[in-house]
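Notes follow the structure.
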Amino acid sequence: MVVGNFQAWQKVLSDAKRLESASLTSLFAEDEFRAEKMTKLVGDGKTEILVDYSKQVIDQEALQNLLALATEARVLERFGEMCDGKPVNSTENQPALHTALRADSKTSIQVDGKNVVAQVHDELAKVKKFVDAIRDQKRFKYLVNIGIGGSDLGPRLIHDVLSSVGTTDFRCFFVANIDSSEINAVLAQCTPEETLFVVCSKSFGTAETLANAQVAKKWLARGMNLDLASQELAEHFVVVTANPAKAKDSGVVAANTFEIWPWVGGRYSIASAMSLLPMIAFGFAAFEEFLSGMRSIDEQMRSTKPEENTVLILGLIDALNFGAARYPSLAVLPYVSALRLLPNYLQQLVMESNGKSVRLDGSEVSVKTSPVVWGGVGTNSQHAFMQMLHQGTQVAAVDFIGFARVPNADAEMHDQLTANMLAQASVLAFGRALQGSRNDALSNHRKMAGNRPSTVLMAVELGPRALGAIVAIYEHRVFVHGVVAQINSFDQWGVELGKVLAGEISAQVGGHESSFSTSHDSSTRGLMSWYRSSRKPNK
Ligand code: F6P
């Protein structure tokens, strides 16, 4: 029987079965060099991430079988094809060229007869000029990013990290939700004359972003007593999109528009002009650092042979852990507050990419795809959900992310922070055996089973370069799992129907029909009736 189309999955799945009875304690006891063999440095000389996957419940035999799967699935060849602009996003007939956003300017990648790297660098030059001008002008004090999903989570994540290692004269805000309390709370802290709105939307068709942009526009016009179509008002708006024509038609008049391209997925657009707000707030140089951190991982992934390719191996371990249904979820635990948004960011990257059930050829997948991604910062998580990770019946795979140095951090407190991370990873792996032969109720409650897998990623210093490298590592892990599961990691058809239905429902609950269309199920109709009758306060 062939599982998926790749024979090698057979052995991988039987490894998963075989390793059910394996224990990390005995795996470490059997090989004194285990930690050494499974701890690697990734990145170039300037960007170094230490990756320790020795506490993953895996042995050399399983690793060899995963590498055989990578060979059969041609993972590194496919990666090369993706980086060279092949239309790997087959259902949208598009390349997925997020790596081109940070490619060296000497590189040439042809798409539809154009060198996209030249396009990228031309746009980056325009962005840099704009960023420098806004920073020099000192006209704006408030920067407000309006965008959602990939047009929000990326710039927010970069902003958070840069805020923790540097300072800015700008007050920065992010508005995503269609819950108007979000934009209202932000506008209440801004003055119209000194506010610049960065409206980010690849499609420029996203309801939340369009609604929030309209609120911003009216607020500005009212506050500055300007006509909605005035040029002066347009100077308070800058648009980032792959659809400038649609942006124009949307009525969001902006003095400046920067492009991304159809071959950049929203959740892969962090390395583009989508991160304009943090660039303005902290300067273009910090963003260039971020790009070079990403590039160092791209180049290493592409040029390193499989058995030494740590990022490939991390992706293959994901395929074993999640594809073979060993663990339902991945908990991402950054041990630095500046990365508090990383789990959110990775939820979109991993779950919107690999949350699929159909292979490229349209047939049903026969291995599991995306895990549930969740998480939180350490040590807060220790006082929240670590109890379950240690003693619960649901075992999650865990990624710990730490830093040897965090600028401005208290050294002693940082030692404690890192010590907690290392302790958690060790306790998850090795637990604590019961004392002596006692098997009474109390000691059972205190039993720590261990054998709970984790990978530790540690960067030398928290900053844009390390962040770039970490994000690229996850992008490529997603790619690897997607290839061996034979799914398209670059489309997201599943998000459309809910948007269409929401449009219908909001039109109807806002309307005056006495009854709602029977196209809705009775539960939804009932909820719509209750909502409509309850939303207007009684006179
Ligand atoms: O609905 C999902 C999604 O399309 C994401 O893929 C995307 O990042 C987000 O919405 C925002 O889309 P846009 O940038 O086109 O406004």
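Throughout, read-outs are computed from the coordinates displayed, never taken from laboratory work. All figures in this text were calculated on a predicted structure; none of them were measured in a lab. Note that we place each Cβ from the backbone using ideal geometry, even for glycine, and neighbour counts take in every protein chain shown.
Identify the residues of the stretch 68-91 with backbone N under 19 Å of a label point that sits 7 angstrom from the Cα of Asp361 along the Cα-to-Cβ direction, or state none.
69-75, 78, 88-91, by backbone N distance to the label point.
Rounded to two decimals, what is the ratio between the C-alpha radius of gyration of the stretch 335-446 and 2.2 N^0.38 Å?
The reported ratio for this selection is 1.40.
Could you run the Karplus curve 6.51 cos²θ - 1.76 cosθ + 1.60 with θ = phi - 60° over the stretch 378-387 and give me ³J(HN,Hα) per residue in whole Hz, x for Gly and Pro?
x, 9, 3, 4, 5, 9, 10, 10, 4, 3
How far is it, in nm, from the label point at Asn5 to the one at Ala255 when both lie 7 Å from their Cα along the line to the Cβ?
Once both label points are built, they end up 5.3 nm from each other.
Can you pick out the pairs among Lys17/Lys55; Lys40/Lys447; Lys17/Lys40; Lys46/Lys114 whose Cα atoms lie more than 25 Å from each other?
Those over the limit are Lys40/Lys447; Lys17/Lys40; Lys46/Lys114.
Go through 231-239, 463-471 and give me the packing order, highest mean Cβ count within 10 Å leading.
In decreasing order of mean packing, 231-239, 463-471 become 463-471, 231-239.
Using the Cα centre as the reference, give the magnitude of the dipole from point charges on the C-beta atoms of the chain (Lys, Arg: +1; Asp, Glu: -1; all else neutral), rounded to the nearest 20 debye.
1060 debye
Note down the relative contact order for the chain as a percent, whole number, built from C-alpha pairs under 8 angstrom at least six residues apart.
19 percent
Enumerate the whole-percent occupancy of each 10 Å bin, from 0 to the last occupied one, for all C-alpha pair distances of the stretch 405-518.
For the stretch 405-518, the pair-distance distribution reads 10, 17, 20, 18, 19, 12, 3, 0.
Testing the spin-label approximation: label points 7 Å from Cα along Cα→Cβ at Leu497 and Leu228. State their distance in nm.
3.5 nm
Would you mind calculating the gained length between Ser303 and Lys141 on full extension (0.36 nm times residue separation, minus the Cα-Cα distance), in nm to one decimal?
53.9 nm
List the residues, sorted by chain then number, that are 5 or more residues from Ala96 or on another chain and whose placed amide H is less than 5 Å from its amide H.
Result for Ala96 returns Val88, Asn89.
Given the options Ile270, Leu76, Val500, identify the residue whose Cα lies farthest towards the positive end of the charge dipole of the chain (+1 on Cβ of Lys, Arg; -1 on Cβ of Asp, Glu).
Looking along the dipole axis, the top candidate is Val500.
How would Asp415, Asp52, Asp31 line up from fewest to most surrounding beta-carbon atoms within 10 angstrom?
Ascending number of Cβ neighbours within 10 Å: Asp415, Asp31, Asp52.
Rounded to a whole number, what is D in µm²/s for the stretch 96-206 from Stokes-Einstein with the Kirkwood radius over alpha-carbon pairs (4 °C, 1.567 mPa s)?
This corresponds to a translational diffusion coefficient of 80 µm²/s.
Applying a 10 Å radius around every beta-carbon, put 126-135, 507-516 in order of their mean neighbour count, most first.
126-135, 507-516
Under a plain spin-label model, where a point goes 7 Å from the Cα along Cα-to-Cβ, how far apart in nm are Thr524 and Ser443?
According to this spin-label approximation, the distance is 5.7 nm.
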